[in-house]
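Asks: Have a look at the structure that comes next, please.
The values are calculated or read from the model by the stated rules, or taken from the named source; none is laboratory data. Everything quoted here is computed from the prediction, not taken from an experiment. Positions of Cβ are generated from backbone atoms using ideal geometry, with glycine treated the same way; all protein chains shown enter the neighbour counts. SASA here: full protein model, heavy atoms, side chains in, ligands and nucleic acids out. Shrake-Rupley method; radii C 1.70, N 1.55, O 1.52, S 1.80 Å.
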Amino acid sequence: MTMARALYDGLLAEIYDDYTDADASADLVLWRRLCTDCDGAALELASGTGRMLLPLLAEGHTVEGLDNSADMLARCRDRAGEMGLAPVLHEADMTTFALGRRFGLIFCAAGSLTLLAEPGQMEAALHRALKHLNPGGVLALVMDAPSEPATGTVIARDIRRDSDGSRLRCILDPLLDVNPEVARWRMTNEIVAPDGATRRETTDIAFLRPAPEAFANMLRAGGLADVTLMDAQGTGPHRGGADSYLALGRAP
């Protein structure tokens, strides 16, 4: 059966690495420590083009990746080949994946769990993650904190690509949602070449950003133990007002 086109397929997969900070060294400190401390292999959810996954593999950590975008995974494989790596990658949805094995650590590094904005999706992903953890295994999730709703168009990215001089833009137009924790947008990504030739794709995107304590309660209700909220770097307790936070839980 052919999988439905993923949100990050197509043009967005092509320009994703241009949008993100290529230097992941600061973020890697946390995931390197958790991978080192875990008992068994690790699994990264929404691993994308391998921004976290590939450096961890290059350092010798046993970590696999999962993403529902065939295009993002293809780019990850291309990057891995350039680095002499052969990652284990799973094309699957976070809400339904069934890999037939368990892990000592499952993590989501870039707030991608918040893309599961439809009712029941986030709970389903947490359930699948728990089913794939070893007893005592750790679930580690970076989450975006709630923010004030946007009232107009947002230019999320507007950069010039060094390799060919193209202008890359991500434009977000807000859409209404009855849930105040959900930010729903019409997202347009475009590439404008130096000669003016333009490629553009538009799709709807939504983010569910639960308050930290509400998310901690969701983890507990889903069967995770020792639930802890920390700052996004995992260096101390979560404090109100931060843009993001780290939620940790342990399988019984």
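Asks: Just one of (1) closer than 24 Å to MET122 by Cβ; (2) without any contact (Cβ under 8 Å) to a residue 40 or more places away in the chain trips up THR153, so point out which.
Replies: Going through the list (1) closer than 24 Å to MET122 by Cβ; (2) without any contact (Cβ under 8 Å) to a residue 40 or more places away in the chain, THR153 breaks only (1).
Asks: If I filter the range 31-65 down to residues being of a type in the set (A, V, I, L, M) and in contact with an Asp or Glu (Cβ under 7 Å, 6 or more places away or on another chain), which single residue comes out as farthest from ARG101 (Cα to Cα)?
Replies: Of everything passing the filter in the range 31-65, MET52 is farthest from ARG101 (Cα to Cα).
Asks: Quick one: in the range 97-116, which of the residues that are aliphatic (A, V, I, L, M) and open to solvent by less than 10 Å² (accessible area, probe 1.4 Å) is farthest from SER25 (Cα to Cα)?
Replies: The extreme case among them is LEU113.
Asks: Any residue that is touching a Lys or Arg at 6+ places or on another chain (Cβ under 7 Å) and open to solvent by 60 Å² or more (accessible area, probe 1.4 Å) - is there at least one of those in the range 135-146?
Replies: So far as the range 135-146 goes, yes, one or more of its residues are touching a Lys or Arg at 6+ places or on another chain (Cβ under 7 Å) and open to solvent by 60 Å² or more (accessible area, probe 1.4 Å).
Asks: If I filter the range 202-217 down to residues being part of a loop (DSSP other than H, G, I, E, B) and not basic (Lys, Arg), which single residue comes out as nearest to GLU118 (Cα to Cα)?
Replies: Among them, the one singled out is PRO210.
Asks: Of everything in the range 51-80, what is assigned to a helix (DSSP H, G or I) and open to solvent by 20 Å² or more (accessible area, probe 1.4 Å)? Give them in sequence order.
Replies: PRO55, LEU57, ALA58, ALA70, ASP71, ALA74, ARG75, ARG77, ASP78, ARG79
Asks: Got a number for residues in the range 125-136 being in a strand (DSSP E or B) and either under 21 Å from ALA232 (Cβ atoms) or aliphatic (A, V, I, L, M) (or both)?
Replies: Qualifying residue count, the range 125-136: 1.
Asks: Give the range 192-201 a look and list any residue that's at negative phi, open to solvent by less than 50 Å² (accessible area, probe 1.4 Å) and outside any strand (DSSP E or B), or say none.
Replies: Matches in the range 192-201: ALA193 only.
Asks: For the range 34-49, does any single residue satisfy the condition of being part of a loop (DSSP other than H, G, I, E, B), open to solvent by 60 Å² or more (accessible area, probe 1.4 Å) and within 28 Å of LYS131 (Cα to Cα)? If you could, list the steps in order and put the result at the bottom.
Replies: Step one: of the range 34-49, the residues part of a loop (DSSP other than H, G, I, E, B) are 38-41, 46-49.
Still in the running and open to solvent by 60 Å² or more (accessible area, probe 1.4 Å): 39.
Checking the rest, the ones that are also within 28 Å of LYS131 (Cα to Cα) come to 39.
There is at least one residue in the range 34-49 that is part of a loop (DSSP other than H, G, I, E, B), open to solvent by 60 Å² or more (accessible area, probe 1.4 Å) and within 28 Å of LYS131 (Cα to Cα).
Yes/no matrix, rows are residues, columns are (1) of a type outside the set (Val, Ile, Thr); (2) more than 19 Å from GLU14 (Cα to Cα):
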{"residue": "HIS61", "(1), (2)": "yes, yes"}
{"residue": "SER69", "(1), (2)": "yes, no"}
{"residue": "ARG77", "(1), (2)": "yes, no"}
{"residue": "PRO87", "(1), (2)": "yes, yes"}
{"residue": "ASP93", "(1), (2)": "yes, yes"}
{"residue": "THR96", "(1), (2)": "no, yes"}
{"residue": "LEU116", "(1), (2)": "yes, yes"}
{"residue": "GLN121", "(1), (2)": "yes, yes"}
{"residue": "PRO135", "(1), (2)": "yes, yes"}
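Asks: Another question about this same structure. What is the one condition in (1) open to solvent by 60 Å² or more (accessible area, probe 1.4 Å); (2) in contact with a helix residue (DSSP H, G or I) (Cβ under 6 Å, 6 or more places away or on another chain) that THR235 does not satisfy?
Replies: THR235 satisfies all of (1) open to solvent by 60 Å² or more (accessible area, probe 1.4 Å); (2) in contact with a helix residue (DSSP H, G or I) (Cβ under 6 Å, 6 or more places away or on another chain) except (2).
Asks: Filter the range 152-191 down to residues that are assigned to a loop (DSSP other than H, G, I, E, B) and more than 30 Å from ALA214 (Cα to Cα) and give me whichever is least open to solvent (accessible area, probe 1.4 Å).
Replies: Ranking the candidates gives SER166 first.
Asks: Can you tell me which residue among GLY60, GLY50, GLY81 is among the small types (Gly, Ala, Ser), under 22 Å from MET143 (Cβ atoms) and free of Cβ contacts under 8 Å to residues at least 40 places away in the same chain?
Replies: Answer to the check: GLY50.
Asks: Can you find a residue in the range 107-124 that is of a type in the set (A, V, I, L, M, F, W, C), at pLDDT 95 or above and in a loop (DSSP other than H, G, I, E, B)?
Replies: Taking the range 107-124 first, the residues of a type in the set (A, V, I, L, M, F, W, C) are 107-110, 113, 115-117, 122, 124.
Filter once more, keeping what is at pLDDT 95 or above: 107-108, 113, 115-117, 122, 124.
From what's left, in a loop (DSSP other than H, G, I, E, B): 116-117.
Yes, the range 107-124 contains a residue that is of a type in the set (A, V, I, L, M, F, W, C), at pLDDT 95 or above and in a loop (DSSP other than H, G, I, E, B).
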